[in-house]
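The values are calculated or read from the model by the stated rules, or taken from the named source; none is laboratory data. Note that the structure is predicted; figures quoted are calculated from it, not measured. Virtual Cβ from ideal backbone geometry, glycine too; neighbours counted across all protein chains shown. For accessibility, only protein heavy atoms count, side chains too; no ligands or nucleic acids. Shrake-Rupley method; radii C 1.70, N 1.55, O 1.52, S 1.80 Å.
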Amino acid sequence: MTTVEKVPATSYQQFMPADRPVQYLAPDGTGVDSAARYARPSDERLLEMYRSMVHGRRFDQQATALTKQGRLAVYPSSRGQEACQIAAALCLGEQDWMFPTYRDSMALAARGIDQVELLGMLAGYWHCGYDPAAYKVAPQCTPLATQLLHATGFAYAEAKQGRDTIALAFCGDGATSEGDFHEALNFAAVFRAPVIFLVQNNGFAISVPLARQSAAPSLSHKGVGYGIGSEQVDGNDPVAMMAVMDEAVKYVRAGKGPVVVEAHTYRMDAHTNADDATRYRKADEVEGWLARDPLSRLDSYLEGRGILTDELREQMTVSADADAAALRAGMNVEQDVDPEDLFRFVYSSPTPGLTEQRNQVAAEIAAGELS
Ligand SMILES: Cc1ncc(C[n+]2csc(CCOP(=O)(O)OP(=O)(O)O)c2C)c(N)n1
């Protein structure tokens, strides 16, 4: 009879997420008695995060309005996910890279990307409206989970060259069902790539609810099987988000391997402006999440601590409105686009199919069939 060698109990326990999402603030902004696994961020950083969240929400609202004015082809709002995206952006160092999805525009704005450039792709001006190298932000990926592989390969290469860079890859709950998610986690774990996988679990993959997507105890548990340190956090609690992301950055930068962070959150708007969310979710569910709004939660907390005053709040609102006005003005300037750019830079040597498409578009333009 053969015996199976016993695996020490701690070998997987060190990767286990908390039983319940880490939380520091109750929905009304009062402090909760947390296990305080992680250091609480300073008041200065929380105020900075609040400022960035006010700007992020205003940006998101403006981008949604731009779809109604025909200036953007589409916009996937992330209203309600401010704490996840902005904590993630603010916890990175200047040398680090982000690998975002279509939903992560607020994180990109928080990183300092020019807002008109940021929306360039969704306006149809260019493949990626901003310069990825200048901001250290890869293009926003629409094919689900592909960015996780890009981030993993990039982080691995950076480590191999002895650079102190970490990669932060974003994805949604639905993307954790993609093969690319699993391949990225496995490679990152085996080769200790310095990458953070931030899963924003907003409850839906378009109209598909989480229960039809995964039977795992939590999405953070998906990291455990790969030998990745994993955590779950209340993604609408800005203090907890920043505390967990700070720790994740520290862990990954110390060379301990990748981390999976699942942030439990909710997208308050439809999947995009082209979707009608009332067809698959109930109004009372949305109401319940509105009561857990991350921005008002941090507002109450900082006000309670005497850090956020009416005057400061007003200043931030005025400054966010000014940014939105500049964005509107910038998006109302027609940009010169060359339709041939659609086909350039796709492959170093264009495929026959691509050449045929390019010739067809050129012929239609020459014949005045496209303007
Ligand atoms: C490989 C691939 N399959 C399908 C789609 C179509 N699609 C676009 S968004 C989406 C849902 C994604 O949900 P989730 O990962 O939870 O992210 P969220 O949109 O909620 O941020 C799907 C299926 C796609 N973009 N890429």
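Summary of computed values
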{"read-out": "All positions within the range 208-226 that are away from the ligand (no atom under 14 Å from the Cβ) and β-branched (V, I, T)", "value": "V224"}
{"read-out": "Count of residues meeting criterion [on the phi > 0 side of the Ramachandran plot and open to solvent by less than 40 Å² (accessible area, probe 1.4 Å)] in the range 90-125", "value": "0"}
{"read-out": "Out of A73, A83, A63, A87, sole residue that is touching a residue at least 40 places away in the same chain (Cβ under 8 Å) and open to solvent by 10 Å² or more (accessible area, probe 1.4 Å)", "value": "A73"}
{"read-out": "Where a residue in the range 207-223 is without any contact (Cβ under 8 Å) to a residue 24 or more places away in the chain and its partner, wherever it lies, is part of a helix (DSSP H, G or I), with Cβ under 9 Å and at least six apart", "value": "A216/T176; A216/K222"}
{"read-out": "Every pair of residues 6+ apart whose Cβ atoms lie under 6 Å, when the first sits in the range 292-312 and is modelled with pLDDT of 95 or more while the second is part of a loop (DSSP other than H, G, I, E, B)", "value": "R292/P27; R292/N236; P294/N236; R297/G29; S300/G29; Y301/G29; L302/L308"}
{"read-out": "Options A205, A145; residue that is open to solvent by less than 10 Å² (accessible area, probe 1.4 Å) and either within 15 Å of the ligand (Cβ to nearest atom) or among the small types (G, A, S) (or both)", "value": "A145"}
{"read-out": "Count - residues of the range 325-363 that are assigned to a helix (DSSP H, G or I) and open to solvent by 50 Å² or more (accessible area, probe 1.4 Å)", "value": "13"}
{"read-out": "Of all residues in the range 73-95 being part of a loop (DSSP other than H, G, I, E, B) and more than 14 Å from the ligand (Cβ to nearest atom), the one that is nearest to G129 (Cα to Cα)", "value": "A73"}
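Conditions tested, residue by residue: (1) among the aliphatic types (A, V, I, L, M); (2) more than 16 Å from the ligand (Cβ to nearest atom); (3) open to solvent by 10 Å² or more (accessible area, probe 1.4 Å).
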residue: F170; (1), (2), (3): no, no, no
residue: A175; (1), (2), (3): yes, no, no
residue: P194; (1), (2), (3): no, yes, yes
residue: I228; (1), (2), (3): yes, yes, no
residue: M245; (1), (2), (3): yes, yes, no
